[in-house]
Amino acid sequence: MTDRLTTAVAIIGSGPSGLMLGQLLHRAGVDAVVIDNKSREHILGRIRAGVLETVTVDVLDDAGASERLHEQGLVHRGINLAFDGGLHRIDFEALTGRHVVVYGQTELTRDLMEVRSASGAASVYDAQDVRIEGFESAHPVVRYRKDGTEQELRSDFIAGCDGFHGVCRQSLPSQSYKTYERIYPFGWLGLLSDTPPAADELIYVNHERGFALCSMRSHARSRYYLQCTQHERVEEWPDDRFWAELKRRLDPQLGERLMTGPSIEKSIAPLRSFVVEPMQFGRLFLAGDAAHIVPPTGAKGLNLAASDVRYLSRALTQFYRNGDSHELDRYSERCLRRVWLAERFSWWMTSLLHRFADAGDFGARIQRAELEYLVRSRAAAVALAESYVGLPLED
């Protein structure tokens, strides 16, 4: 027996992009169902970054999910670059008049889940064997199994917000899209701890032993990262070894002030740049990590997902209000212009700050020259600041 349901938009994936899209559509009066093959608890257990551009904060405002963000988010008006034993601040507000907000992605996801639940909008978790069909037709179908019963959800559109390994992109014929990818020859070993941050703003470290990043989730919770090889395992990095290595990569004065403590979570993330073109296929639209991945150095992953969702929600709302599909037809083109600018910035930040085994002495000196130029030239600092705080969306 199969239960048959209908909706305007079927959203696959209940990470930030899927939840943001669902809530924006709900507030615009467009019916949508969010479906995920993971549990709510599993999704909230993911530890991810949380540096938000103004664009992303605006999307959360429009979604009605920003109250805690404004109460607890940390406004950062700059970042610090550390190299050759010195610390150099890039002042975003002086250079661009704008800032970013640090707010953990887990908390952002929790806020979106709670707002969606309170609104009564439909979400399905622990869906098994999710499949999509007919997205080249006028009425695509999502099939899945829930509590032992086959479900069939008919919709006008499908939004693939289900991440890099999700079913939506995997359901596409291979000849229908092109991928662009670079795998970086290192990863990030991350540690989360209930300790005060090393500084009031993020510190990006270029060091001969490898990149490091001092970040935070709140005034009492810190997140630190170390560049590591692709082949290392978390088990090889007990807390004592992590803290000792981090101190080696910081200048001695900062290392002495560093507050250490037991790790809450520790993991290794590979780094890649990845783009799918196009991002729409008939009535299937990809958004967020399903369509593109950036190395986390530029803090762009979540923010790109938010801009995709902004474009898609406005296009769908326009379609349902007046039958106009012009913005839907332009979705991929508009998103990809912003995606490639963010890919360029994230690649550049990664190249600037990490040690590459094949770069040699010449590569190390070029990195140093680039960093020196960056902290001496206002024009170079403006270019970094503009991309970091977020380029404006198209009207």
Item to complete: Go through Ala198, Ala212 for me and flag whichever is surrounded by 18 or more Cβ atoms within 10 Å (Cβ to Cβ) and in contact with a Cys (Cβ under 7 Å, 6 or more places away or on another chain).
Response: Ala198
Worksheet item: With respect to Leu25, is the statement that it is hydrophobic (A, V, I, L, M, F, W, C), more than 15 Å from Leu302 (Cβ to Cβ) and not in a strand (DSSP E or B) true?
Response: yes
Practice prompt. Check region 345-356 and report whether any residue there is surrounded by fewer than 17 Cβ atoms within 10 Å (Cβ to Cβ) and either without any contact (Cβ under 8 Å) to a residue 60 or more places away in the chain or on the phi > 0 side of the Ramachandran plot (or both).
Written response: yes
Item to complete: Please list, ordered by first then second residue, the pairs with beta carbon atoms under 7 Å, 6 or more apart or interchain, first in region 276-298 and within 13 Å of Ser17 (Cα to Cα), second of a type in the set (Val, Ile, Thr).
Response: Leu286/Val276; Ala287/Val309; Ala291/Val276; His292/Val275; His292/Val276; His292/Val339
Worksheet entry | Among (1) assigned to a helix (DSSP H, G or I); (2) within 25 Å of Leu302 (Cβ to Cβ), the one test that Ala369 misses | (2)
Response to the item:
Out of (1) over 26 Å from Val101 (Cβ atoms); (2) in contact with a His (Cβ under 8 Å, 6 or more places away or on another chain), the one Gly323 does not meet is (2)
Worksheet item: Just one of the numbered conditions (1) within 30 Å of Tyr224 (Cβ to Cβ); (2) part of a helix (DSSP H, G or I); (3) touching a helix residue (DSSP H, G or I) at 6+ places or on another chain (Cβ under 7 Å) is not true of Cys335; which one?
Response: (1)
Worksheet item: Can you spot a residue in region 30-37 that is of a type in the set (A, V, I, L, M), under 20 Å from Leu153 (Cα atoms) and in a helix (DSSP H, G or I)?
Response: no
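Rundown of residues vs (1) under 30 Å from Gly255 (Cα atoms); (2) without any contact (Cβ under 8 Å) to a residue 60 or more places away in the chain; (3) outside the structural domain of Val276 (by TED's automatic domain parsing), yes/no style:
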| residue | (1), (2), (3) |
| --- | --- |
| Leu69 | no, yes, no |
| Leu81 | yes, no, yes |
| Ala94 | yes, yes, yes |
| Tyr125 | no, no, no |
| Gly134 | no, yes, no |
| Ser155 | no, no, no |
| Ala159 | no, no, no |
| Cys168 | no, no, no |
Worksheet entry | Among (1) surrounded by fewer than 24 Cβ atoms within 10 Å (Cβ to Cβ); (2) touching a Pro at 6+ places or on another chain (Cβ under 9 Å); (3) more than 25 Å from Ile203 (Cβ to Cβ) - the single one Thr317 does not satisfy | (2)
Discussion item. Quick check on my filter: what residues within region 258-282 are among the hydrophobic types (A, V, I, L, M, F, W, C) and either surrounded by fewer than 18 Cβ atoms within 10 Å (Cβ to Cβ) or in a strand (DSSP E or B) (or both)?
Written reply: Met259, Ile264, Ile268, Ala269, Leu271, Phe274, Val275, Val276, Phe281
Response to the item:
Over region 94-152, the set of residues assigned to a helix (DSSP H, G or I), within 25 Å of His165 (Cα to Cα) and acidic (Asp, Glu) is Glu107, Asp111
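Return the residues of region 338-366 that are in a helix (DSSP H, G or I), among the acidic types (Asp, Glu) and out of contact with any Phe, Trp or Tyr (no Cβ under 9 Å at 6 or more places or on another chain); say none if nothing qualifies. Working first, answer last.
As a first pass, look at region 338-366 and keep what is in a helix (DSSP H, G or I): 338-353, 360-366.
Applying the additional criterion that residues be among the acidic types (Asp, Glu) yields 343, 361.
Scanning region 338-366 gives a single hit, Asp361.
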Worksheet item: Which of (1) within 25 Å of Gln170 (Cα to Cα); (2) basic (Lys, Arg); (3) modelled with pLDDT under 95 is the odd one out, the single condition Arg334 does not satisfy?
Response: (3)
Worksheet item: Within region 100-112, which residues are surrounded by fewer than 20 Cβ atoms within 10 Å (Cβ to Cβ) and modelled with pLDDT of 95 or more?
Response: Arg110
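The values are calculated or read from the model by the stated rules, or taken from the named source; none is laboratory data. No experiment lies behind these values; they were computed from the predicted model shown. Every residue, glycine among them, receives a Cβ derived from its backbone with ideal geometry; neighbour counts consider all protein chains shown.
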